[in-house]
Amino acid sequence: MCSNYDACTKPERLRMYFGVEPPPRIKSQVWPLYEAPFIRRHPHKDVGDDAVPAREAVAGLFGLIPHWAGEMTFGRRTYNARSETVAEKPSFRDAWRNGLHCIVPVECIYEPDWRGGKAMPTRIQRKDGKPIGIAGLWTSNTKATGDEVFSFTMLTVNADDHALFKHFHKPGDEKRMVVILREDQYDEWLDAPASRSMDFMRQFPAELLMATAEPDRGKKTR
C-alpha cells in the first residue's frame with residue numbers, strides 16, 4: 001500500500017507525459033491529506049470548443065473523502081482502495097460505480113523493505129525515467145468544510161507473486177501494489193464506464209521498474 005510518494009509537479013513533465021497544465025498549491029512530497037495533482041477528464045470536454053482540453057489536472061487531497069463524510073480526517077485511511085472490495089466499501093463505492101476515474105501522476109513511490117529485519121524506505125520508479133500514471137478514483141465533498149474539496153485515492157491489487165512488490169511490507173502481511181497504467185491506457189481509463197473498471201486492475205511488469213534503498217528518507221514534513 002502506498003502512503004508516501006513524490007508527485008509529478010514539473011510543468012514540462014506534466015505537459016509532455018500527461019498533456020495537462022499544473023494546478024496550483026501542489027506539493028512534490030506527498031503523504032495522506034497533502035494536496036497533490038490528479039488528472040481527470042475535463043467536465044466540458046464534449047462542448048466542441050478546441051480551447052477546452054481533453055484532460056485537466058486538479059489539486060486534491062491524497063485520501064478519498066466521500067461526499068457524505070463530515071470530517072477531513074476521513075482521508076487518512078482512504079488513500080488506497082483495494083480493487084477486490086472497492087465496489088462494496090462505503091468509502092469508495094460511489095466513486096467506483098459512477099466511474100470517477102483519475103490518473104495520479106507520480107515520479108516515484110516509497111515502500112518499506114523489511115528483508116533486512118527492519119523497514120528500509122525504498123524508492124520505486126520506472127526504469128525509463130518516465131513518470132508513473134497510477135489508476136485512481138476522485139470525488140468532491142462540501143459537507144466537511146462548506147467549500148468544495150477534491151480528493152483522490154490510488155487503486156491497488158494483490159502482489160504476492162510480483163517479482164518486485166512481493167519484497168515490501170512486513171513478513172506475513174499481504175503484499176499489495178498500486179495499479180500502474182501504460183501510457184496507451186490513459187485515455188481508456190479516463191473514459192471507461194464502471195462496468196469496465198476491473199479490466200485495468202492488473203500488475204505492472206516488474207522488469208520495467210527499479211527499486212533503490214533510500215535510508216535517509218525523512219519523516220513526514222510539511
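Every number here is computed from the coordinates shown, using simple stated rules; none is lab data. Values in this document were obtained by computation on a predicted structure and should not be read as measured data. Cβ sites come from the backbone with ideal geometry, for glycine too, and all protein chains shown count toward neighbours.
Semi-axis lengths, largest first, of the ellipsoid equivalent to the chain are 26, 20, 18 Å, with √(5λ) applied to each eigenvalue of the Cα gyration tensor. Taking a point 7 Å from the Cα of Met72 along the Cα-to-Cβ direction, the residues of segment 1-37 with backbone N closer than 18 Å to it are 24-37. When all alpha carbon pairs of segment 115-222 are counted in 5 Å bins from zero, the resulting P(r) reads 2, 9, 16, 18, 18, 15, 11, 7, 2, 0 %.
Pairs from the table (Lys27/Lys170; Lys10/Lys130; Lys27/Lys130) lying more than 24 angstrom apart at Cα are Lys27/Lys170.
What value, in deg cm²/dmol to 500, does the helix sum -39500 (n - 2.57) over DSSP H runs of n ≥ 4 give at 222 nm once divided by the residues of the chain? Present the calculation step by step, with values, prior to reporting the outcome.
Details: 3 runs with 19 residues, N = 222.
So the helix-based figure for the chain works out to -2000 deg cm²/dmol.
Relative to the current alpha-carbon distance between Arg115 and Lys27, full extension at 0.36 nm per residue lengthens the span by 28.6 nm.
Along segment 115-130 the Karplus relation, 6.51 cos²θ - 1.76 cosθ + 1.60 evaluated at θ = phi - 60°, assigns HN-Hα couplings of 5, x, x, 9, 5, 10, x, 10, 8, 10, 8, 6, 5, 7, x, 6 Hz to successive residues, with x for each Gly and Pro.
Here's the picture: a label point sits 7 Å out from the Cα of Glu88 along the beta-carbon direction, and within segment 108-142 nothing has its amide nitrogen under 14 Å of it. Our note on the geometry: Cα centres of segment 68-92 and segment 7-34, 23 Å apart. For the chain, the residue among Pro121, Trp189, Pro22 whose Cα projects farthest onto the positive side of the dipole built from Cβ charges is Pro121.
Computed from the C-alpha gyration tensor, the three semi-axes of the ellipsoid equivalent to segment 31-81 are 28, 12, 8 Å, from longest to shortest. For segment 54-185, the gyration tensor built on C-alpha atoms gives a prolate shape. Its axis ratio a/c (a ≥ b ≥ c) is at least 1.5, and a/b is the larger of a/b and b/c. For segment 1-69, the list of trypsin sites (Lys or Arg not before Pro) that fall in a loop by DSSP and count at most 16 other C-beta atoms within 10 angstrom reads Arg25, Lys27, Lys45. Exposure proxy for Leu100, Leu208, Leu181: other Cβ atoms within 10 Å of each Cβ, ordered fewest to most, give Leu208, Leu100, Leu181. Considering only alpha-carbon pairs that sit under 8 angstrom and 6 or more positions apart, the relative contact order computed for segment 4-213 is 21 percent. Counting other C-beta atoms within 10 Å, and keeping those with at most 12, which DSSP coil GluC sites (Glu not before Pro) do you find in segment 113-222? Here the GluC sites (Glu not before Pro) that fit, given the DSSP loop and packing criteria, are Glu148, Glu174.
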